[in-house]
Amino acid sequence: TKNSLVSVFPQIVSRLFILHMIFPLVEPQHFGIFMATICWAVTEVTRFTFYTLKELNLFTVSNPLAQLIGHMRYNSFIFLYPIGVSGELICCFKAW
């Protein structure tokens with residue numbers, strides 16, 4: 001999708017900061033890392049599956065899988081965002 005660099009850049013930089021500056025300071029098995037990375041993974045898999053279905057013209061009303069992926073693409077943030085941010089903040093606190 002077409003997004004503004006102003007909105008995308010801080011998201012990418014913040015994730016890279018957490019990944020390279022905070023996570024190394026936290027023990028690898030910490031549940032905060034698990035929370036954040038699982039949310040990141042689910043978000044990215046859902047997003048790229050959605051875009052792939054759109055590019056292949058498989059995103060139709062009669063395709064229930066595509067409809068489910070579309071629903072997840074636009075609604076999973078409701079629970080993934082707070083869980084992911086909580087995991088990141090827990091790791092920041094633990095690294096401090």
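The values are calculated or read from the model by the stated rules, or taken from the named source; none is laboratory data. Just so it is clear, the model here is predicted, and its values are computed rather than measured. Heads up, the Cβs are rebuilt from the backbone with ideal geometry, glycines too, and the neighbour counts pull from every protein chain shown. Surface accessibility is based on the protein's heavy atoms, side chains included, excluding ligands, DNA and RNA. Shrake-Rupley method; radii C 1.70, N 1.55, O 1.52, S 1.80 Å.
Overview of values
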{"read-out": "Residues satisfying the stated conditions in the stretch 28-41, i.e. open to solvent by less than 90 Å² (accessible area, probe 1.4 Å) and either more than 17 Å from residue 86 (Cα to Cα) or outside any helix (DSSP H, G or I) (or both)", "value": "30"}
{"read-out": "All positions within the stretch 42-80 that are among the acidic types (Asp, Glu) and open to solvent by 70 Å² or more (accessible area, probe 1.4 Å)", "value": "55"}
{"read-out": "Failed criterion for residue 77 (all others in (1) out of contact with any helix residue (DSSP H, G or I) (no Cβ under 6 Å at 6 or more places or on another chain); (2) under 15 Å from residue 15 (Cα atoms) hold)", "value": "(2)"}
{"read-out": "Where a residue in the stretch 47-73 is touching a residue at least 12 places away in the same chain (Cβ under 8 Å) and more than 18 Å from residue 2 (Cα to Cα) and its partner, wherever it lies, is in a helix (DSSP H, G or I) and open to solvent by 80 Å² or more (accessible area, probe 1.4 Å), with Cβ under 9 Å and at least six apart", "value": "66/54"}
{"read-out": "Number of positions in the stretch 7-26 that are open to solvent by 100 Å² or more (accessible area, probe 1.4 Å) and either at pLDDT 90 or above or at positive phi (or both)", "value": "5"}
{"read-out": "Enumeration of residues in the stretch 1-20 that are within 26 Å of residue 55 (Cβ to Cβ) and in a helix (DSSP H, G or I)", "value": "5, 6, 7, 8, 9, 11, 12, 15"}
